[in-house]
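These notes concern the structure reproduced below.
The values are calculated or read from the model by the stated rules, or taken from the named source; none is laboratory data. These figures come from a predicted structure and were not determined experimentally. FYI the Cβ positions are ideal-geometry reconstructions off the backbone, even for glycines, and counts take in every protein chain you see.
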Amino acid sequence: MARVIGIDLGTTNSCVAIMDGDQAKVIENSEGDRTTPSIVAYSKDEDRSMVGQSAKRQAVSNPENTLYAIKRLIGRKYDDSVVKKDIDKVPFEIKKAKNGDAWVVANGKETAPPAISAEVLRKMKETAESYLGETVNEAVITVPAYFNDSQRQATKDAGKIAGLEVKRIINEPTAAALAYGLDKKRGDRKIAVYDLGGGTFDVSIIEIADVDGENQFEVLATNGDTFLGGEDFDLRIMDHLLDEFKKQTGMDVAKDTQALQRLKEAAEKAKIELSNQAQTDINLPYLTADSSGPKHLNLTLTRAKLESLVEDLIVQTIEPCKTALKDAGLGVGDVNDVILVGGQTRMPKVQDEVKSFFGVDARKDVNPDEAVAIGAAIQGGVLSGDVKDVLLLDVTPLSLGIETLGAVTTKLIEKNTTIPTKAEQIFSTAEDNQTAVTIHVLQGERERAQDNKSLGRFDLTDIPAKPRGLPQIEVAFDIDANGIINVSAKDKETGKEQKIVIQASSGLSDEEIDQMISDAESNAEEDQKYRELVDIKNQGDQLIHATEKSLEELGEKVTAEERSNVEAAIGELKEALKGDDKDTIETKVKSLSEASVGIAQKAFEEAQAAANTESKSDDSQSTDENVVDAEYEEVDNDKEKDKN
Amino acid sequence: MDSFELGVKVDTSTKEGVETFIEGQTATFKLFQSVLDKFLIETINPENMKYDPELHEVISMQDSDDTESGYIIEVIQKGYRLKNRLLRPARVIVSSDDKS
């Protein structure tokens, strides 16, 4: 069976994990980090994209083309209140697409959110591939439990654009519970998953049932706040620092982007430190300057002060916990375990509040940044057959029904129903001799049809003319494990049937997705070429640097002829490095390495001689092992030089 | 580390003490630099070079008459890399394109 990777596609950070034997393993990306910022940037001058850390690093220079928190937009309409709120917060442009969806504008090009998220997913895919040394085509991707069908479908589309077949979309709290669940003892239990990430807060109540020795996961209820996360905590600290700085120096640096950037970092760093320490010093020398000279920020922040700054934010998370418990039909005492997910839950105050609300100690033995990806990988393992004895049940986040007489919603499937599920109900006509009915599929909890989200509609025609109430029309809903809804209506008398598959609600047509896939592929090629160019340029820079250094160090030991040859080669390489022609640079790098073989050899001999004298003089202090160590390193050096 | 510890012990209340201390610091710095060299840790100091998001983090943008846009005006903090692995990006101020 092919390998199925698990991806936590987060609002601020994403994480990828695989099953390695019977253990899930988080994979480090090419920069060596276990999570990757969900940031995509398009550079202004060159037509290429950056993902993750590099996109984050250049954000200041290119804010309008640096796209982040795309998860808040994916699968949403432009008129959605969340989108409206986001528009005021982000520096990039959000536009209304022809179909009413929220799209973003980057480099003057209107792009659908799934195409942006696909860039992040592609990076996660490559991360897994470079670790595994094989192509990965299948994935499990997690989404918040409250995501509706269009958001789920849009996330699936993103996977498709990234070249991944999304085997399953699973809920983040379910994944987190899975990450904890495998090592657990058997028995029924109810779990609260408290997920306070960088940009969003979610709480879900999950039931793990022991069915014939198999663990069954079921999401009972979910709630949260899309605009509450660790970054809000950072902002509070930042505001505090701004105030204090103003008090100390009388200067307001709120408009100074460079100072703000440094304050933001200092705030985050202080916050992290205060999770382990009672107080921390914040030192920002030369933060700004006025006519009297440079101004420094220098203050001590205590944990107590931090807690007072963010207390109301923490309290804000408790209300959704209450609602979720109520929706699940439970009291606080019914929860057996609390799982903490998201980096912000490392804050002791958050843990205390959660504990005092639920009355149980929160479990934190799985890294809160990685639990969701690990759970996704486990689910991937289940799907590929690597992991057995776990059965996963998801629920519909919202009720489903159809519009009936008087424009009211008649629910066929209640919210929080375990999927896959089926429901059937017989309806009839409202008028005498009515020959057609319209089946209008709705999602939501409201009574009035117009207040709920319309998922689609279709007509069933050619119903034999009869007095109202006589024809029997069977409407059936069928939701599969991926949350794809099939709705059918059948006239029992004639057997005539009409149906609709509700899944294309991400707002993208197949053609559009295909176009995005090919765009993404051509981008990948360009990126690859660019990467190669950068690598060879770096290699050239390093070689010049090393050679010049050797020339300088060796001084008279280099013959005039050698020197002039090498210097000429350096000159040519420097010239080539100014351009972007990979082949030319490669040739020049080669000729310089050839020209410098002699001096590299001499430099090496010198270095070895120096190392020997050094180790001799060190003998009084160091042990023999150290000497051996030094020589070993020199041998390594030699190998490196040979490679160049 | 040993040299740093010895350095801290130097009496800096006298002028000679301060001079010894500075001398010691300079030597320690060189020693440390050679350790970095030995482990192939390279300093990233991209003054006047073109901005590269793989290696540099933009702290701010500034107009500059002398520097072409997209090039680095000032390195606020040097970065380090071990072969191709970035240990810490250099933090830089980049020249902006709007020439006012």
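Identify the residue in segment A:414-428 that is under 28 Å from the mean Cα position of the chain (by Cα) and among the hydroxyl-bearing types (Ser, Thr, Tyr) and, among all such residues, is nearest to residue A:447 (Cα to Cα). The qualifying residue nearest to residue A:447 (Cα to Cα) is A:417. Considering (1) within 15 Å of the chain's Cα centre (by Cα); (2) among the polar types (S, T, N, Q); (3) in the same structural domain as residue B:3 (by TED's automatic domain parsing), the lone condition that residue B:77 does not fulfil carries the number (3).
Annotation note: of A:112, A:59, the sole residue that is touching a Ser or Thr at 6+ places or on another chain (Cβ under 9 Å) and closer than 27 Å to residue A:509 by Cβ is A:112. Scanning segment A:250-296 for residues that are within 14 Å of chain B (Cβ to nearest Cβ), β-branched (Val, Ile, Thr) and either under 31 Å from the mean Cα position of the chain (by Cα) or in a helix (DSSP H, G or I) (or both) yields a single hit, A:257.
So that you can scan it fast, the table gives a plain yes or no per residue for (1) in contact with a Leu (Cβ under 7 Å, 6 or more places away or on another chain); (2) small (Gly, Ala, Ser); (3) over 22 Å from residue A:224 (Cβ atoms); (4) within 14 Å of chain B (Cβ to nearest Cβ):
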residue	(1), (2), (3), (4)
A:19	no, no, yes, no
A:40	yes, no, yes, yes
A:68	no, no, no, no
A:77	no, no, no, no
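Answer yes or no as to whether residue B:52 is charged (D, E, K, R) and more than 9 Å from chain A (Cβ to nearest Cβ). Here the answer is no, as residue B:52 does not meet what is asked. Would you mind stating whether residue B:68 is more than 9 Å from chain A (Cβ to nearest Cβ) and not hydrophobic (A, V, I, L, M, F, W, C)? Yes. Using the structure shown, decide if residue A:349 is loosely packed, with under 15 Cβ neighbours inside 10 Å, of a type in the set (Lys, Arg) and assigned to a helix (DSSP H, G or I). Criteria not met by residue A:349. The conditions of being touching a Ser or Thr at 6+ places or on another chain (Cβ under 9 Å), on the phi < 0 side of the Ramachandran plot and surrounded by 13 or more Cβ atoms within 10 Å (Cβ to Cβ) are not met by residue A:534. Of A:468, A:457, all but one fail to be basic (Lys, Arg) and assigned to a loop (DSSP other than H, G, I, E, B); the exception is A:468. Candidates in segment B:34-49 are the residues that are within 12 Å of chain A (Cβ to nearest Cβ) and β-branched (Val, Ile, Thr); of these, the one that is surrounded by the most Cβ atoms within 10 Å (Cβ to Cβ) is B:44.
Among residues of segment A:28-40 that are more than 25 Å from residue A:63 (Cβ to Cβ), those with a beta-carbon under 7 Å from a residue that is part of a strand (DSSP E or B) at least six positions away or on a different chain give the pairs A:32/B:85; A:34/A:15; A:34/A:26. Of the residues making up segment B:7-33, those that are within 14 Å of chain A (Cβ to nearest Cβ) and surrounded by 12 or more Cβ atoms within 10 Å (Cβ to Cβ) are B:27, B:31, B:33.
The rows are residues; the columns are (1) modelled with pLDDT under 65; (2) more than 28 Å from residue B:49 (Cα to Cα); (3) touching a Pro at 6+ places or on another chain (Cβ under 7 Å).
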{"position": "A:543", "(1), (2), (3)": "no, no, no"}
{"position": "A:560", "(1), (2), (3)": "no, yes, no"}
{"position": "A:564", "(1), (2), (3)": "no, no, no"}
{"position": "A:573", "(1), (2), (3)": "no, no, no"}
{"position": "A:594", "(1), (2), (3)": "no, no, no"}
{"position": "A:616", "(1), (2), (3)": "yes, yes, no"}
{"position": "A:619", "(1), (2), (3)": "yes, yes, no"}
{"position": "A:622", "(1), (2), (3)": "yes, yes, no"}
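If I filter segment A:120-133 for residues that are within 28 Å of residue B:60 (Cα to Cα) and either away from every other protein chain (no Cβ under 14 Å) or out of contact with any Lys or Arg (no Cβ under 8 Å at 6 or more places or on another chain) (or both), do I get at least one hit? Yes, segment A:120-133 has at least one match. Of everything in segment A:190-249 that is aliphatic (A, V, I, L, M) and not in a strand (DSSP E or B), the residue that is nearest to residue A:83 (Cα to Cα) is A:228. Restricting the search to segment B:71-90, which residues are more than 7 Å from chain A (Cβ to nearest Cβ) and either hydrophobic (A, V, I, L, M, F, W, C) or within 19 Å of residue A:43 (Cβ to Cβ) (or both)? B:71, B:72, B:73, B:75, B:76, B:82, B:87, B:90 - these are the residues of segment B:71-90 that are more than 7 Å from chain A (Cβ to nearest Cβ) and either hydrophobic (A, V, I, L, M, F, W, C) or within 19 Å of residue A:43 (Cβ to Cβ) (or both).
Per-residue answers, yes or no, for (1) touching a Gly at 6+ places or on another chain (Cβ under 8 Å); (2) surrounded by 14 or more Cβ atoms within 10 Å (Cβ to Cβ); (3) at pLDDT below 80:
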{"residue": "A:426", "(1), (2), (3)": "no, no, no"}
{"residue": "A:429", "(1), (2), (3)": "yes, yes, no"}
{"residue": "A:434", "(1), (2), (3)": "no, yes, no"}
{"residue": "A:441", "(1), (2), (3)": "yes, yes, no"}
{"residue": "A:482", "(1), (2), (3)": "no, yes, yes"}
{"residue": "A:498", "(1), (2), (3)": "no, yes, no"}
{"residue": "A:508", "(1), (2), (3)": "no, yes, yes"}
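All conditions in (1) modelled with pLDDT of 85 or more; (2) surrounded by fewer than 16 Cβ atoms within 10 Å (Cβ to Cβ) hold for residue A:488, with the sole exception of (2).
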